[in-house]
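Below is one structure; the comments refer to it alone.
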Amino acid sequence: MKMKSENLLLSVAIIAVIVSGFSAIFTGISIQSFKTNWITGFPTATGTANLSVEAAAIINFTVYEINWSSGRVNTGSPNATLDTAVGTVTGGNWTANSRGLILINQGNTNVSLQLASGKTAATFVGGTNPVYQWNVSVQFGNQSACLNATNKTGATAGHLYNMSVFTGVSTSAFLVCDKFQYHPDNNTIRIDIRLQVPSNSLTGSLSDTLTATATVITTRPLLSRTVFFVKAPPT
Amino acid sequence: MKKKRGYNQNFFLLLFFAAVLFSIFNAGVAFAAIGVSPAKYELSYEPNLKQVLTFKFFGDGDIPLNIYIEGDLKKYAELSNEYLDGPGAVSVLLKLPPSPDELNPGNNRLLVGARQGSREGGSAIGTVGEIRAVINLKVPFPGKYATLEFSTADAKAGEPIPMTFKVFSVGRESVLTESKVEIFDFSNKKIESVNLGNFIVHPSTIKDLSGSLKSDKYKPGKYKTKGIVDFQEGKAEIESGFRLGELLVNISNYTIEFQRNLINRFDVEVESFWNDPLENVYVAGTILEYNITFKTPSTTLTGFQRQTLTGYLDTNSIPPETDNLKANLTVYYAGRSTEILGKLHFKRETSPLTYVAAALIVIVLILGWLVFRRKKKNEAKDGKGKK
């Protein structure tokens, strides 16, 4: 009996050794394969990752309307002034509104920006000496959102718009920003409206629409380029 | 069953509240967006080219869009549709003429625009968005025609200087070019010429020689660069420049010890870390606790020069119990400044009594030593006598 169990044990031990031996051989082959094929220190195969990001131009009015509700010029006052920049109504009883229109360049490309009103002061408000003005300013921290042709802020020759100063609206497209930037830290402008409503203005529900037109800017080098023709200049 | 019904009830209640919350949070959100993708196409002229270019317009879902085209290429383009109910795609079929002579040489633009319909509502001032994508067609010039783009950018000391150098062949014939970059220091002296090689640039192609210039031989300062392309029949040049390192002047040393009740000389040593000369450099100081100010005369620092500037500090108004002072020292140069906080103190003055006490101690010590010596002598004499 004892002999039998010893033999059995021996057989099991031999089988275990054989199996271990095969395992060791297999592991060794695997390691070798791993070393030579999977980790080499130099590429045995190369792949190329290509990513193409399409340019998209997007403008978004996050505040797209201004309302002063219903009101009238105070008795005895020649006119009332409604101003969203300071958020006041003087000489009238409309509800003050301190929210200007907020426009953001949410695309991934710079655009030029033009503004146009649908009406003039006379056709929007009417009466004696009406005033209808707009004022474009940058939001806090977005100091370079709206640049002129020299990549700076402020008015330049041929581009008369001076930011943060009220000027009369224009019914034809008026260039406000040569470059309205898309960078997240510099992509937001605010448009405020000032109305001076005379006591003999038009009555009823008065409204107008401002159109913001964004045109994609085709890339140009920032510094000067020379145009040089060698022969046969264009006629 | 009751438990399950209760569970279902709770679930729907939760869903309802979530919907209410969602509505509340979205009630204040107001957007009016319009966009287009891709924003532009860049094409080169080919005779009789027929190409369909597609633009996707998107924005507020319920606002219709009026589509239009305008620009130099309007008569060579057709729109697939001029109206979209909402977001959608529009195709432009471009049919170019057989000869480039029918077009203006250079860039020809076609704007593809979408304008929102008016928004319904009773607002006094409403808004409408309009977006315009661009198709830019490059038409070659007759003969040999090239444009050059060149610029260099600022870099930190020791780091390579980024450079853009591109030759565009925009004519109908190839151009043989020899390109180089010249570098000049602040005195306009040419310090290096870098040859970029000879190349043939074929029509409607760009030879891009952009890269970087080594700066290890240059000291921090401002430099001028010239990109030069020599064509067989002539030459084109563009000037640019770069700044290497940081414009900096430091305060490296200053007087720390002063006398009371006196107008003291205050020396401040400044050091320039800039290659170019700097004019009108001066130091201004303020004694913080007593608001006493002083200023040195201006000077000019040449490249990397160290110089001592002298001002005068009046300590008459400082009370006797104050031994230490803090001074704000600022050196001004080229529209900039560098500031340090200096620690100053008064010279320790020795009282006459101290000298008297010291003298007395010395005298006592000498006398003591003499007495001790005499005593020793006497003891020695006594010892001899007894023998």
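Which pairs, out of B:K50/B:K144; B:K74/B:K95; A:K179/B:K74, put more than 19 Å between their alpha-carbon atoms?
Beyond 19 Å between Cα atoms: B:K50/B:K144; A:K179/B:K74.
For a straight C-alpha distance cut-off of 19 angstrom, the aspartates and glutamates reachable from B:K217 (same-chain residues fewer than eight places away being disregarded) are B:D154, B:E159, B:E182, B:D185, B:E192, B:E246, B:D276.
Heavy atoms only, 1.4 Å probe, whole protein assembly: order A:T128, A:T203 by accessible area, highest first.
Descending accessible area places them as A:T203, A:T128.
Annotation: amide H of B:D314 within the under-5 Å range of B:N264, sequence separation 5 or more or interchain, hydrogens built in the peptide plane.
In a DSSP loop and with at most 15 other Cβ atoms within 10 Å, the chymotrypsin sites (Phe, Trp or Tyr not before Pro) in the range B:292-387 are B:F304. Model label sites at A:H183 and B:H345, defined 7 Å from Cα along the beta-carbon direction, differ in position by 4.9 nm.
Rounded if a/c is under 1.5, else prolate if a/b beats b/c, else oblate: with a ≥ b ≥ c from the C-alpha gyration tensor eigenvalues square-rooted, which is the range B:90-182?
Details: a/c = 4.87, a/b = 1.46, b/c = 3.33.
Taking the square roots of the gyration eigenvalues as a ≥ b ≥ c, the range B:90-182 is oblate.
Dipole of chain B, Cα-centred, from +1 at each Lys and Arg C-beta and -1 at each Asp and Glu C-beta, to the nearest 20 debye? It would help to have the intermediate numbers written out before the result.
On the way: 49 positive and 42 negative charges, 652 e Å.
It works out to roughly 3140 debye.
The simple Förster model, with R0 at 45 Å and r as the Cβ-Cβ distance, assigns B:Y83 and A:T90 a FRET efficiency of 0.50.
Can you give the FRET efficiency to the nearest 0.05 for B:V364 and B:Y312, using r as the Cβ-Cβ distance and R₀ = 30 Å?
Numbers: r = 46 Å, r/R0 = 1.52.
With R0 = 30 Å, the Cβ-Cβ based efficiency is 0.05.
Computed from backbone phi, the HN-Hα couplings of the range A:106-121 come to 9, x, 10, 8, 6, 9, 8, 10, 10, 10, 9, 8, x, 10, 8, 4 Hz, rounded to whole numbers (Karplus: 6.51 cos²θ - 1.76 cosθ + 1.60, θ = phi - 60°; Gly and Pro given as x). Of all aspartates and glutamates in the structure, those lying under 19 Å Cα to Cα from B:K56, and not within fewer than 8 positions of it along the same chain, are A:E54, B:E42, B:E70, B:E78, B:E82, B:D85, B:E130.
In the range B:146-199, what chymotrypsin sites (Phe, Trp or Tyr not before Pro) fall in a loop by DSSP, with at most 15 other Cβ atoms inside 10 Å? Each step should come with its number before you reach the end.
Working: sites: B:F150, B:F165, B:F168, B:F184, B:F186, B:F199; in loops: B:F186.
Listed in order of number, the matching sites are B:F186.
For the range B:275-308, the residues whose amide N sits under 15 Å from a probe point set 7 Å from the Cα of B:K326 along the beta carbon direction are B:286-292. For B:F141, the amide hydrogen comes within under 5 Å of the amide hydrogens of B:G106, B:G171, B:R172, counting only partners 5 or more places away or on other chains and with H modelled in the peptide plane. List the GluC sites (Glu not before Pro) within the range B:138-222 that fall in a DSSP loop (any state other than H, G, I, E or B) and whose Cβ has at most 13 other Cβ atoms within 10 Å. For GluC sites (Glu not before Pro) across the range B:138-222 that sit outside H, G, I, E and B with at most 13 neighbouring Cβ atoms in 10 Å, the list is empty. The label point for B:N48 and the one for A:T75, both projected 7 Å from the Cα toward the Cβ, are 8.3 nm apart.
The values are calculated or read from the model by the stated rules, or taken from the named source; none is laboratory data. Remember, predicted model here, so these are calculated numbers, not experimental data. Positions of Cβ are generated from backbone atoms using ideal geometry, with glycine treated the same way; all protein chains shown enter the neighbour counts. For the accessible areas, the whole protein counts, side chains as well, though only heavy atoms, and no ligand, DNA or RNA atoms are used. Shrake-Rupley method; radii C 1.70, N 1.55, O 1.52, S 1.80 Å.
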